[in-house]
1. Filter the range 111-131 down to residues that are part of a loop (DSSP other than H, G, I, E, B) and of a type in the set (Ser, Thr, Tyr) and give me whichever is nearest to the chain's Cα centre (by Cα).
2. In the range 127-161, what residues are of a type in the set (Ser, Thr, Tyr), in contact (Cβ under 8 Å) with a residue 40 or more places away in the chain and more than 23 Å from Ser77 (Cα to Cα)?
3. Could you list, in sequence order, all residues of the range 97-120 that are among the aliphatic types (A, V, I, L, M) and either in contact with a helix residue (DSSP H, G or I) (Cβ under 9 Å, 6 or more places away or on another chain) or free of Cβ contacts under 8 Å to residues at least 40 places away in the same chain (or both)?
4. For Gly172, which of the numbered conditions (1) assigned to a loop (DSSP other than H, G, I, E, B); (2) touching a residue at least 60 places away in the same chain (Cβ under 8 Å); (3) small (Gly, Ala, Ser); (4) surrounded by fewer than 18 Cβ atoms within 10 Å (Cβ to Cβ) fails to hold?
5. So if I check each of Ala73, Ala13, which one is in the same structural domain as His85 (by TED's automatic domain parsing) and either surrounded by 13 or more Cβ atoms within 10 Å (Cβ to Cβ) or modelled with pLDDT under 75 (or both)?
6. For the range 96-137, enumerate the residues that are surrounded by 14 or more Cβ atoms within 10 Å (Cβ to Cβ) and of a type in the set (Gly, Ala, Ser).
7. Might you check whether a residue that is assigned to a loop (DSSP other than H, G, I, E, B), on the phi > 0 side of the Ramachandran plot and in the same structural domain as Asp182 (by TED's automatic domain parsing) occurs anywhere in the range 90-104?
8. Within the range 138-157, is even one residue modelled with pLDDT of 95 or more, of a type in the set (Asp, Glu), surrounded by 14 or more Cβ atoms within 10 Å (Cβ to Cβ) and in a strand (DSSP E or B)?
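The values are calculated or read from the model by the stated rules, or taken from the named source; none is laboratory data. Here the structure is a predicted model, which means the values were calculated and not measured. Cβ atoms come from the backbone with ideal geometry, glycine included; neighbour counts cover every protein chain shown.
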Amino acid sequence: MPALTQAEARQHALQAQRGSARSLEILLRELIGGDIQLDNLDVVTLSVNGTAITATAAELNRMADASARIVTATAASLAVDEATHDGKIITLDRAGGIAVTMPEATGSGMVITFIVITKFTTDGTITLADLVNTALIGQASIVDSDTTDLIHMFTPAATEDLVTLDGTNTGGGLGCRIQYIDLATDVWSVQIVEAVGGTAPATPFTSSA
């Protein structure tokens, strides 16, 4: 099949928008084959078999952009935001610790995952943008690798909104994994998994007040 012209491509895009599976198939085949470029094509609403695709372009990019799944943090501080970090793995790569600030919890379902790839020798922290209203729920599971490999479980109290990772007893060692999920307005779920070789595992949760 000869390559589509821009006019033909736009026509097929409009037909695909109205639910034409055949037009969508033609567009995809041409795009995959590299025969057309739709740099200037503006499709307001796209549907497949009559079902509208309601995700925005930004949302599609955020979830489907495989080239940006890993975000490396090496600076002393990091301000997390949904557009840049939702669904990503943020590697914490600074021995001197990193001060992370999470955005407000709105119930968006945003998932942020941190993995420490350089052991902290100075405290790293994760705090919240709203320190007055926001609650943390969840737990930290910390294995005492020095002795019997017992798992110590810690949960945040109602007033505890700060996570401190000291690299020894509270987390922040190589491979430490922390995940935050925006569950509801003013509610972050947090899960921490770590094996420490310090004096004894201790809670990473404290109050910033």
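1. Going residue by residue through the range 111-131, those that are part of a loop (DSSP other than H, G, I, E, B) are 117-123, 129-131.
Okay, now just the ones that are also of a type in the set (Ser, Thr, Tyr), so 118, 121-122.
Working: Thr118: 19, Thr121: 25, Thr122: 24 Å.
Among them, the one singled out is Thr118.
2. So the first thing to find is which residues in the range 127-161 are of a type in the set (Ser, Thr, Tyr), and the list is 127, 134, 141, 145, 147-148, 155, 159.
Those still in the list that are in contact (Cβ under 8 Å) with a residue 40 or more places away in the chain too: 127, 134, 141, 145, 155, 159.
Scanning the range 127-161 gives Ser141, Ser145, Thr155, Thr159.
3. First, the residues of the range 97-120 that are among the aliphatic types (A, V, I, L, M): 98-100, 102, 105, 110-112, 115-117.
The answer is Ile98, Ala99, Val100, Met110, Ile112.
4. Of the numbered conditions (1) assigned to a loop (DSSP other than H, G, I, E, B); (2) touching a residue at least 60 places away in the same chain (Cβ under 8 Å); (3) small (Gly, Ala, Ser); (4) surrounded by fewer than 18 Cβ atoms within 10 Å (Cβ to Cβ), the odd one out for Gly172 is (4).
5. Numbers: Ala13 fails: in the same structural domain as His85 (by TED's automatic domain parsing).
Exactly one of Ala73, Ala13 is in the same structural domain as His85 (by TED's automatic domain parsing) and either surrounded by 13 or more Cβ atoms within 10 Å (Cβ to Cβ) or modelled with pLDDT under 75 (or both), namely Ala73.
6. Once the filter is applied, which keeps residues that are surrounded by 14 or more Cβ atoms within 10 Å (Cβ to Cβ) and of a type in the set (Gly, Ala, Ser), the range 96-137 yields Gly97, Ala99, Ala105, Ser108, Gly124, Ala135.
7. To start, the set of residues in the range 90-104 that are assigned to a loop (DSSP other than H, G, I, E, B) comprises 93-98, 103-104.
The next check asks that each one be on the phi > 0 side of the Ramachandran plot; those that pass are 97.
Among the residues that remain, those that are also in the same structural domain as Asp182 (by TED's automatic domain parsing) are: 97.
Yes: one or more hits.
8. So far as the range 138-157 goes, no, none of its residues is modelled with pLDDT of 95 or more, of a type in the set (Asp, Glu), surrounded by 14 or more Cβ atoms within 10 Å (Cβ to Cβ) and in a strand (DSSP E or B).
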